[in-house]
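Report on one structure; see the data block that follows.
The values are calculated or read from the model by the stated rules, or taken from the named source; none is laboratory data. Not measured: the values here are computed from a predicted model. All Cβ positions, even for glycine, are placed from backbone atoms using ideal geometry, and neighbour counts span all protein chains on display. Calculation scope for accessible area: heavy atoms of the full protein, side chains included, ligands and nucleic acids excluded. Shrake-Rupley method; radii C 1.70, N 1.55, O 1.52, S 1.80 Å.
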Amino acid sequence: MLVQQILKARGNNPVITVKPGTLVADAVSTLAERRIGVLVVSPDAERAVGILSERDIVRSLALRGAGCLTEAVDQMMTRNPVCASPGDSSDAVLKRMTEGRFRHMPVTEDGKMIGIVTIGDVVHARLSELSMEKDALQGMIMGH
Ligand code: AMP
């Protein structure tokens with residue numbers, strides 16, 4: 001399955017972004033309100049200049065204490081996140097997520113962000129694909 005099909009199946013939901021300069025405390029509120037694990041940092045909701053995961057926040061809190069909540073997201077985010085393209089396969093995306101040890105990838109087309117996929121979306125797509133392949137093979141073996 002391709003990334004564009006995964007996005008379509010999920011209803012092409014808009015990506016939740018925050019602007020550079022947003023306070024980490026405000027980002028925490030947005031993560032909680034939206035019940036999501038990452039925010040893409042973008043000045044215009046098109047260019048993904050960074051990504052801020054709940055893991056980044058937990059790590060900073062443990063290392064530096066609550067003072068980090070009054071910093072800007074720019075200090076805590078991962079810059080230039082690895083992005084997927086709509087034509088990438090679920091296998092290729094899963095490989096990049098596993099190798100990079102992250103669970104989210106913004107999807108960009110012509111330099112513009114059009115969605116985001118999570119490791120959960122990709123695993124779900126792969127499992128559906130494998131189940132269909134199994135049924136097809138079983139049908140061939142059983143002769144129907
Ligand atoms: P996650 O597993 O996605 O919650 O993120 C784990 C770590 O990887 C955090 O430090 C994130 O900032 C970073 N990260 C998340 N997504 C990406 C990505 N697409 N490219 C690069 N780093 C990322």
Looking only at residues that are open to solvent by 40 Å² or more (accessible area, probe 1.4 Å) and either over 30 Å from the mean Cα position of the chain (by Cα) or among the aliphatic types (A, V, I, L, M) (or both) in segment 117-134, which one is farthest from Cys83 (Cα to Cα)?
Met132
Suppose we keep only residues that are among the basic types (Lys, Arg) and more than 15 Å from Leu2 (Cβ to Cβ) within segment 95-140. Which one would you say is modelled with the lowest pLDDT?
Lys134
Residues within segment 79-109 that are more than 6 Å from the ligand (Cβ to nearest atom), in a loop (DSSP other than H, G, I, E, B) and in contact (Cβ under 8 Å) with a residue 24 or more places away in the chain, tallied:
6
Going through segment 64-76 in order, the residues found to be within 13 Å of the ligand (Cβ to nearest atom) and open to solvent by 20 Å² or more (accessible area, probe 1.4 Å) are Asp74, Gln75
Specify which of the listed residues (Gly143, Gly50) is of a type in the set (Gly, Ala, Ser), open to solvent by 60 Å² or more (accessible area, probe 1.4 Å) and more than 22 Å from Gln5 (Cβ to Cβ).
Gly143
For segment 49-59, check the following and say yes or no: at least one residue is in contact with a Ser or Thr (Cβ under 7 Å, 6 or more places away or on another chain), modelled with pLDDT of 95 or more, within 14 Å of the ligand (Cβ to nearest atom) and part of a loop (DSSP other than H, G, I, E, B).
yes
